[in-house]
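Q: One structure is given below, represented as structure tokens, and several questions about it will come after.
The values are calculated or read from the model by the stated rules, or taken from the named source; none is laboratory data. Keep in mind that this is a model prediction, so the values were computed, not measured. Every residue, glycine as well, gets a Cβ built from its backbone with ideal geometry; the counts of neighbours run over all protein chains shown. Surface accessibility is based on the protein's heavy atoms, side chains included, excluding ligands, DNA and RNA. Shrake-Rupley method; radii C 1.70, N 1.55, O 1.52, S 1.80 Å.
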Amino acid sequence: MLAWFSLLFLEEKVEQWAVLFLALLDPLPADDAKKLAKSSGCAHGYREWVRICKDEGESVILRLVSTPSVSRKMIHDVLSPLPTEVILYLMARAKHPDIKRYISLYFTQLKNVRLQVNGQDLLELGYRPGPRFKMIFDLLLDRKLAGDLRSKKEEIAFLLAHSPHRRFR
């Protein structure tokens, strides 16, 4: 799996030893793994990766496996908060081929997708700041991840066509 990742040529540095360390801790109960990481002198950030793997890893896998129709946005939303090393560990230990496929898709197509429209753009279009901004950004990101939007101009056109109700300042 680490060899696969290196062959993607993503120009992203990965702490390979940390992925292997997470794999070594896999059989241990969560509390024992966390204690071992602390007593072995791991820096706080690496101990946090152990915590994420033990406390959240299984729920990430279950969420992806148990959802009947997994969208590209869901894959992005579930995996993007996780460090690359944790995702690679989860991919290595995943038994379900769909999980490997989702993680592969995330690294190769979804991880670096970013909106070009920002909050200032929404203000200039006449939208008032508030919870609606998040809804707008989620809608745009969903369409961008689906490959429907490629430029800032397309993002704005889509927004105006699908969310026309603006409240002017």
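Q: So what are the ³J(HN,Hα) numbers for the stretch 96-106, from phi and the Karplus equation (6.51, -1.76, 1.60; θ = phi - 60°), rounded to whole Hz, Gly and Pro as x?
A: Those phi angles translate into 7, x, 4, 4, 4, 5, 5, 5, 4, 4, 4 Hz.
Q: Please give the length that would be gained between Ser151 and Glu48 if that part of the chain were fully extended, namely 0.36 nm times their separation in residues minus their C-alpha to C-alpha distance (nm, one decimal).
A: Values: separation 103, 0.36 × 103 = 37.08 nm, distance 3.63 nm.
Residue separation times 0.36 nm, minus the Cα-Cα distance, leaves 33.5 nm.
Q: Another question about this same structure. Please report, as a whole percent, how much of the solvent-accessible surface of the chain comes from carbon and sulfur atoms (probe radius 1.4 Å). Could you put the intermediate results ahead of the total?
A: Details: 5640 of 9980 Å².
C and S fraction of accessible area: 56 percent.
Q: Related question: Report, in debye and to the nearest 20, how large the dipole of the stretch 56-169 comes out about its Cα centre when Lys and Arg carry +1 and Asp and Glu carry -1 on their Cβ.
A: On the way: 20 positive and 12 negative charges, 54 e Å.
Value, rounded to 20: 260 debye.
Q: Mean separation of Cα pairs under 8 Å and 6+ residues apart, divided by the residue count of the chain: what relative contact order is that in percent?
A: 21 percent
Q: Over the Cα atoms of the chain, how large are the radius of gyration and the largest Cα-Cα distance (Dmax), in Å?
A: Rg then Dmax for the chain, in Å: 19.3, 57.
Q: Hey, how many Å between the Cα centroid of the stretch 54-75 and the Cα centroid of the stretch 83-128?
A: Cα centroid to Cα centroid, the span is 13 Å.
Q: Compute the FRET efficiency between Arg101 and Asp26 as 1/(1 + (r/R0)^6), taking r as their Cβ-Cβ distance and R0 = 25 Å, and round to the nearest 0.05. It would help to have the intermediate numbers written out before the result.
A: On the way: r = 21 Å, r/R0 = 0.85.
Efficiency at R0 = 25 Å is approximately 0.70.
Q: Once phi is turned into θ = phi - 60°, what whole-Hz ³J(HN,Hα) does the Karplus curve with 6.51, -1.76 and 1.60 give for every residue of the stretch 39-46, x standing for Gly and Pro?
A: Couplings: 6, 7, x, 5, 4, 3, x, 6 Hz.
Q: What is the Å³ per residue value for the convex hull set by the Cα atoms of the stretch 19-72?
A: Spread over its residues, the Cα hull of the stretch 19-72 gives 88 Å³ apiece.
Q: Between Phe137, Leu105, Ile87, whose Cα lies farthest towards the positive end of the dipole of the stretch 1-139 when Lys and Arg beta carbons carry +1 and Asp and Glu beta carbons carry -1, centred on the Cα centre?
A: Projecting each Cα onto the dipole axis, the largest value belongs to Phe137.
Q: Related question: Cut-off 10 angstrom, C-alpha nodes, Gaussian network model of the chain. Which of Thr67, Thr84, Thr108 fluctuates the most?
A: So, out of Thr67, Thr84, Thr108, the one fluctuating most is Thr67.
Q: Compute a Gaussian network model of the chain, connecting alpha carbons closer than 10 Å, and tell me which residue from Glu15, Glu48, Glu124 fluctuates the most.
A: Glu124
Q: Would you calculate a helix-derived [θ] at 222 nm for the chain, using -39,500 (n - 2.57) for each DSSP H run of n ≥ 4 and dividing by the full residue count, to the nearest 500? Walk me through the numbers before you get to the answer.
A: Values: 11 runs with 106 residues, N = 169.
My calculation for the chain gives -18000 deg cm²/dmol from helical runs alone.
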